[in-house]
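The values are calculated or read from the model by the stated rules, or taken from the named source; none is laboratory data. Bear in mind the structure is a predicted one, so any value in this text is a computation, not a measurement. Reconstructed Cβ throughout: ideal geometry from the backbone, glycine too, with neighbour counts over all protein chains shown. Quick note on the areas: whole protein, heavy atoms, side chains included, nothing else; ligands and nucleic acids left out. Shrake-Rupley method; radii C 1.70, N 1.55, O 1.52, S 1.80 Å.
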Amino acid sequence: MKHIYTIVLAALLSIGCTPDQEVPHKFITPVKFSDVSIDDVFWSPRLQKHKDVTMGVCIDQIENQTGRMRNFENAAKGEGQHSGIFYDDSDVYKALEGMAYSLQTIPDPELEAKCDEWIDKFAAAQLPDGYINTYYTLTGLDQRWKDMDRHEMYCAGHMIEAAVAYYNVTGKDKLLQVSERMVQHMMSVFGPGKRDWVPGHEEIELALVKLYQTTGKREYLEFADWLLGERGHGYGTFGDGRMWNPVQYQDVVPVREATDITGHAVRAMYLFCGMADVAAYTGDQGYIDALDRLWDDVALRNMYITGGIGQSKYNEGFTHDYSLPNLEAYCETCASVGMVFWNWRMNQLTGDSKYVDVLERAMYNGALAGISLEGDKFFYVNPLESLGDHHRKSWYGTACCPSQICRFLPSIGNYIYGVSDDAVWVNLFISGSAEIPVGGKTVTLSQDSVYPWQGNIRITVGSRFGKDIRVRIPAWCKSWCISVNGNDVEPAVEKGYAVLKGRWNKGDVISLYLDMPVEMVAADPRTLEDEGMRAVQRGPLVYCLEGIDNPDYAEACISADTVFEDTYDQNLLGGVQAIKATTKEQVLNFIPYYSWDNREACPMKVWIPFAD
Ligand code: FUB
Ligand code: ZN
């Protein structure tokens with residue numbers, strides 16, 4: 001039976017009719033990270049650290065330092081205690097997803113054997129009815145599916161994402177089968193005419209769409225859509241007679257009617273991803289319109305300059321428009337990664353580069369600060385100011401952020417290129433090459449730059465093809481130019497993309513120059529916390545001051561007369577473009593925000609007093 005299933009699945013994939021390739025309402029199809037190879041001054045060393053250090057830290061924590069893997073072993077035996085928190089299974093699945101992505105780019109038989117060993121343990125922990133969740137298996141199955149906030153579907157969603165990733169990389173479908181059995185179990189309990197359920201922490205919705213993409217089974221897409229439709233009807237409950245606060249759970253109104261961002265930031269991001277994914281297949285205009293409104297509310301009124309979101313530690317989420325405290329900012333690493341996930345999908349739905357601008361901001365600042373330069377420590381919370389007492393740690397009781405980074409970094413190739421009927425899209429400037437499926441053949445594009453340090457980007461066409469190339473002009477860039485094979489061109493710009501028309505031949509070279517001066521950025525005047533201050537930004541990077549570089553830290557002040565100079569310093573923080581700001585009274589030394597807290601403890605701030 002297993003054998004037949006594998007053959008059917010393989011056949012479905014090989015004849016090219018998976019829904020993955022037929023997404024009717026998507027404008028852009030992303031070029032998968034597996035078709036993109038990265039050879040980049042900025043990112044390659046980070047990916048190497050991920051492989052050499054970060055995955056090892058996660059594996060050690062999961063297997064040795066905490067009881068996460070033991071929970072699966074105990075669940076398989078049906079004895080022993082559960083240790084940790086009810087959502088700890090999710091970290092194991094997220095780490096596995098990261099391991100799968102890493103295997104795609106750097107094959108490693110030992111790591112693959114580790115993945116197989118883990119998957120065997122997961123499979124052994126699955127109950128005969130398909131249910132899999134070590135917390136309830138070990139603490140009392142009579143309590144399962146009662147408290148909607150207990151993350152059963154959240155953990156299942158992360159298992160599905162890991163299963164899809166591992167199947168795509170290795171062709172091995174054991175975890176995919178475990179996942180399908182769990183989904184069938186869920187669909188036997190919940191759905192039209194069955195029980196209502198509002199997943200307290202969204203995630204399952206987007207995962208079900210991935211499962212649909214992989215298996216071609218539309219019932220999974222329909223179940224995702226049904227779950228989205230469950231929100232906003234007052235069904236949300238903790239299972240003991242207490243209803244929850246719908247504001248925290250994106251459960252105030254049906255999702256199509258949502259106008260304002262509320263509640264928990266990571267949950268919101270995953271919900272919006274799920275809505276975008278379902279809409280990409282169904283064309284549900286209600287979802288798309290709601291996402292459009294919500295994006296304005298997030299990006300224009302509730303986002304930090306780092307792309308961080310979720311101001312408050314009290315709800316790990318949103319508070320009031322324009323209220324953006326810096327020292328107390330929560331800005332969970334997972335939420336910044338969630339912004340990447342969501343904005344990527346919005347760009348695919350619309351072809352608008354404003355979403356990639358936010359994606360890039362979150363990726364290079366809020367998300368990247370989440371990991372130390374050595375790849376071994378993680379931030380959970382990413383404030384924009386510190387008194388010197390906030391530091392990365394190797395792990396957390398709630399370890400969503402380390403495992404999030406573990407799966408995010410090896411997948412960054414996903415965000416660089418896209419393809420549509422009439423064009424190839426260049427979204428991010430990361431050196432390397434891509435094999436892009438264009439009209440039945442494969443086109444190679446390569447990029448060469450030292451971005452984000454400098455804005456000269458060379459794009460080389462590796463094969464003949466006849467579609468436009470759309471190159472993103474970042475919103476942060478006020479002056480740019482493009483030449484093709486040495487001849488200046490003045491392309492039309494549509495939704496933030498320079499549209500380069502023409503037939504392309506092997507060896508054609510597009511040279512893009514993005515002017516990248518140091519800029520002082522003012523916040524929206526309604527953000528009182530940043531009143532009278534400026535942040536320093538260069539290209540996509542937000543900068544900060546650390547006490548260690550600045551004797552005048554406490555009195556630091558910049559003005560319109562401040563002279564900024566930027567210089568690459570290969571000995572500083574793994575190599576950064578450092579910024580020196582000279583005023584009459586002071587010399588200030590800025591470093592990229594992502595690189596803070598990698599030396600001895602000291603205070604840090606992004607927003608600097610500004611003297612008119
Ligand atoms: O609840 C699971 C994860 O833990 C959330 O995504 C994070 O915000 C943290 O609360
Ligand atoms: Zn997190």
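Things worth noting here:
- Residue match in the range 162-170 (condition: open to solvent by 30 Å² or more (accessible area, probe 1.4 Å) and either without any contact (Cβ under 8 Å) to a residue 60 or more places away in the chain or at positive phi (or both)): no
- Of all residues in the range 576-612, those satisfying the criterion of being free of Cβ contacts under 8 Å to residues at least 40 places away in the same chain, in contact with a helix residue (DSSP H, G or I) (Cβ under 9 Å, 6 or more places away or on another chain) and not in a strand (DSSP E or B) are GLU585, GLN586.
- Number of the exception - GLY216 against (1) at negative phi; (2) in contact with a helix residue (DSSP H, G or I) (Cβ under 7 Å, 6 or more places away or on another chain); (3) of a type in the set (Gly, Ala, Ser): (1)
- Any hit, the range 533-545, residues being open to solvent by 50 Å² or more (accessible area, probe 1.4 Å) and at negative phi: yes
- So GLU529, is it of a type outside the set (Lys, Arg), free of Cβ contacts under 8 Å to residues at least 60 places away in the same chain and farther than 28 Å from ASN456 by Cβ: no
- Picking from residues in the range 401-434 that are open to solvent by 10 Å² or more (accessible area, probe 1.4 Å) and of a type in the set (D, E, K, R), the one that is nearest to ligand 1 (Cβ to nearest atom) is ASP421.
- Here THR139 does not qualify as touching a helix residue (DSSP H, G or I) at 6+ places or on another chain (Cβ under 6 Å) and either farther than 21 Å from TYR166 by Cβ or hydroxyl-bearing (Ser, Thr, Tyr) (or both).
- Check on LYS354, away from ligand 1 (no atom under 15 Å from the Cβ), in contact (Cβ under 8 Å) with a residue 60 or more places away in the chain and either open to solvent by 10 Å² or more (accessible area, probe 1.4 Å) or touching a Gly at 6+ places or on another chain (Cβ under 8 Å) (or both): yes
- Any pair with Cβ under 6 angstrom, 6 or more apart, that starts in the range 263-276 at a residue that is over 17 Å from TYR287 (Cβ atoms) and ends at one that is assigned to a helix (DSSP H, G or I): ALA265/ALA335; VAL266/CYS334; VAL266/ALA335; VAL266/GLY338
- Verdict on GLU360 being away from ligand 2 (no atom under 15 Å from the Cβ), at pLDDT 95 or above and in a helix (DSSP H, G or I): yes
- Residue in the range 438-447 that is more than 19 Å from SER37 (Cα to Cα), within 16 Å of ligand 1 (Cβ to nearest atom) and either out of contact with any strand residue (DSSP E or B) (no Cβ under 6 Å at 6 or more places or on another chain) or basic (Lys, Arg) (or both) present: no
- Pairs, first more than 18 Å from SER446 (Cα to Cα) in the range 496-515, second loosely packed, with under 14 Cβ neighbours inside 10 Å, C-beta under 8 Å, six or more apart: ASP515/LYS478; ASP515/SER479
- Just one of the numbered conditions (1) under 13 Å from ALA224 (Cβ atoms); (2) buried (at least 24 other Cβ atoms within 10 Å of the Cβ) is not true of THR282: (2).
- Residues of the range 380-400 that turn out to be open to solvent by 50 Å² or more (accessible area, probe 1.4 Å), touching a residue at least 60 places away in the same chain (Cβ under 8 Å), within 16 Å of ligand 1 (Cβ to nearest atom) and in contact with a Lys or Arg (Cβ under 9 Å, 6 or more places away or on another chain), as a count: 0
- When ARG458 is tested against (1) over 20 Å from the mean Cα position of the chain (by Cα); (2) in a helix (DSSP H, G or I); (3) of a type in the set (Lys, Arg), just one condition goes unmet, and that condition is (2).
- Long-range neighbours under 8 Å by Cβ, at least six apart or interchain, first residue closer than 24 Å to LYS51 by Cβ within the range 74-97, second surrounded by fewer than 18 Cβ atoms within 10 Å (Cβ to Cβ) and hydroxyl-bearing (Ser, Thr, Tyr): none
- Screening the candidates ARG195, ARG150 for the property of being out of contact with any Asp or Glu (no Cβ under 8 Å at 6 or more places or on another chain), surrounded by 18 or more Cβ atoms within 10 Å (Cβ to Cβ) and charged (D, E, K, R) yields one hit, ARG150.
- Residue in the range 266-274 that is of a type in the set (Ser, Thr, Tyr) and surrounded by 20 or more Cβ atoms within 10 Å (Cβ to Cβ) present: yes
- For GLN177, the criteria (1) assigned to a helix (DSSP H, G or I); (2) within 30 Å of ASP52 (Cβ to Cβ) hold in every case but one, which is (2).
- Within the range 544-569, residues that are in contact (Cβ under 8 Å) with a residue 60 or more places away in the chain have Cβ atoms under 8 Å from residues that are aromatic (Phe, Trp, Tyr) in these pairs: CYS544/PHE590; CYS544/TYR593; CYS544/TRP596; LEU545/TYR553; LEU545/PHE590; GLY547/TYR553; TYR568/TRP453, counting only partners at least 6 apart in sequence or on another chain.
- Scope the range 514-532; condition open to solvent by 10 Å² or more (accessible area, probe 1.4 Å) and within 26 Å of TYR568 (Cα to Cα); matching residues: ASP515, MET516, PRO517, VAL518, GLU519, MET520, VAL521, ALA522
- As a summary of the residue check, ASP389 satisfies the conditions (1) acidic (Asp, Glu); (2) assigned by TED's automatic domain parsing to the domain that holds ILE59; (3) outside any loop (DSSP other than H, G, I, E, B) except for the one numbered (3).
- Listed by position, the helices (runs of 4 or more DSSP H) contained in the range 245-354 that have at least 3 residues being away from ligand 2 (no atom under 16 Å from the Cβ) and in contact with a His (Cβ under 9 Å, 6 or more places away or on another chain) are 265-282.
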